Amino acid sequence: QQFYMRRFHPKSKRVLVFAPNISLLGNLDHHGVQQDWRVNPAFNLQMPRSTYMFAGITDIFERFQNINFRRHDASVFFHTEYLKRATLDLNYAAGTRINYTPAAGLAPFLANGNELQATLTLRPVARLKIDQIYYLTRMHTARTSVFVNHLTRTRANYQFTRALSLRMIVDYNAVLENASLIDLTRQKRITGDALVTYLIHPGTALYVGYTDRLENLALTSGAVLPIGFPSTTTARQFFAKVSYMFRF
């Protein structure tokens, strides 16, 4: 594995650092058979107010189940804290992907795919912090979709006092597969979580929480069958925890 980077510091108020770079990687097994290699030229930009950008392309070889795959990828990453009360992270990649779990009767194959990761953090007031997270993963051939996966999380924290706080989380996970091409189970799930914390000091605290999970399942004629919308509670929990630290 090898990595090289050259940093430039232009006399500019908009670009603080410009850094082209390249990374190389290769692996062989104990018999000298190439298992993978990758070449990744890229560049980094650093700008004022904690703003960064990365972009690169990758040429990849991978050997999986004695099949040689040659694929490519392009990606871009962006982070900014330009606004005092908001932070944004964006990461997008697209190229060719390997279907490691094909449907029965199919060998692993190469398809097109892309991934998007986005995180927005808001601090509208000093005591409130909100995180919105979204992950998208897709794979498709020239004619049809292989699978799509959506993941979202909304998280809010509110600090009433120095000791008392409330945290709430809502998660959504959806896997939409093409059963003729990939061995995945279709799933849609919503999970809600609430936690109240009264923290006197580390080691001495009271926690009270509640969790509820909904899935796209229904009990019909003694069998559990998938349905379209996640409306059936499959897990529910209420809990309380007290901890106290003795000082000697």
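A few notes on this one:
- Qualifying residue in the range 192-215 (condition: in contact with a Pro (Cβ under 6 Å, 6 or more places away or on another chain) and either free of Cβ contacts under 8 Å to residues at least 24 places away in the same chain or closer than 30 Å to THR144 by Cα (or both)): yes
- Check on ARG143, open to solvent by 70 Å² or more (accessible area, probe 1.4 Å), out of contact with any Asp or Glu (no Cβ under 7 Å at 6 or more places or on another chain), over 26 Å from ASP212 (Cβ atoms) and modelled with pLDDT of 95 or more: no
- Failed criterion for ALA179 (all others in (1) in contact (Cβ under 8 Å) with a residue 24 or more places away in the chain; (2) part of a strand (DSSP E or B) hold): (2)
- Screening MET5 with (1) closer than 21 Å to PRO108 by Cα; (2) aliphatic (A, V, I, L, M); (3) surrounded by fewer than 15 Cβ atoms within 10 Å (Cβ to Cβ) gives one miss only, at (1).
- Of all positions in the range 4-12, at least one carries a residue that is under 25 Å from LEU83 (Cβ atoms) and not acidic (Asp, Glu).
- Scope the range 62-98; condition open to solvent by less than 70 Å² (accessible area, probe 1.4 Å) and in contact with an Asp or Glu (Cβ under 6 Å, 6 or more places away or on another chain); matching residues: GLU62, PHE69, HIS79, THR87, ALA93, GLY95
The rows are residues; the columns are (1) modelled with pLDDT of 95 or more; (2) under 18 Å from the mean Cα position of the chain (by Cα).
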| site | (1), (2) |
| --- | --- |
| ASN68 | yes, no |
| HIS72 | yes, no |
| VAL76 | yes, yes |
| LYS84 | no, no |
| ASP89 | yes, yes |
| TYR92 | yes, yes |
| ARG97 | yes, yes |
| ALA103 | yes, no |
| PRO108 | yes, no |
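- Check on TYR135, part of a strand (DSSP E or B), touching a Ser or Thr at 6+ places or on another chain (Cβ under 8 Å) and surrounded by 16 or more Cβ atoms within 10 Å (Cβ to Cβ): yes
- Residues that are crowded, with 16+ Cβ neighbours inside 10 Å and under 23 Å from the mean Cα position of the chain (by Cα) occur in the range 24-39; there is at least one.
- Lone unmet requirement of (1) modelled with pLDDT of 95 or more; (2) open to solvent by 50 Å² or more (accessible area, probe 1.4 Å) for ARG49: (1)
- Qualifying positions in the range 52-74 - touching a His at 6+ places or on another chain (Cβ under 6 Å) and over 16 Å from PRO20 (Cβ atoms): ASP59
- Test result for ASN178, under 19 Å from the mean Cα position of the chain (by Cα) and modelled with pLDDT of 95 or more: no
- In the set THR161, THR185, THR197, THR211, only one residue is over 19 Å from the mean Cα position of the chain (by Cα), outside any strand (DSSP E or B) and farther than 30 Å from TYR92 by Cα; that residue is THR161.
- Answer residue from the range 202-238, given it is open to solvent by 70 Å² or more (accessible area, probe 1.4 Å), modelled with pLDDT of 90 or more and among the hydrophobic types (A, V, I, L, M, F, W, C) and is nearest to TYR172 (Cα to Cα) among those: PHE238
- Selected residue [surrounded by 15 or more Cβ atoms within 10 Å (Cβ to Cβ) and hydrophobic (A, V, I, L, M, F, W, C)] from LEU184, LEU120, LEU176, LEU128: LEU184
The values are calculated or read from the model by the stated rules, or taken from the named source; none is laboratory data. This one's a predicted model, so the numbers in the text were calculated from it and none came from an experiment. In this analysis, Cβ positions are derived from the backbone assuming ideal geometry, glycine residues included, and neighbour counts consider all displayed protein chains. The protein model used for the area step is the full one, side chains on, heavy atoms only, and it has no ligands, DNA or RNA in it. Shrake-Rupley method; radii C 1.70, N 1.55, O 1.52, S 1.80 Å.
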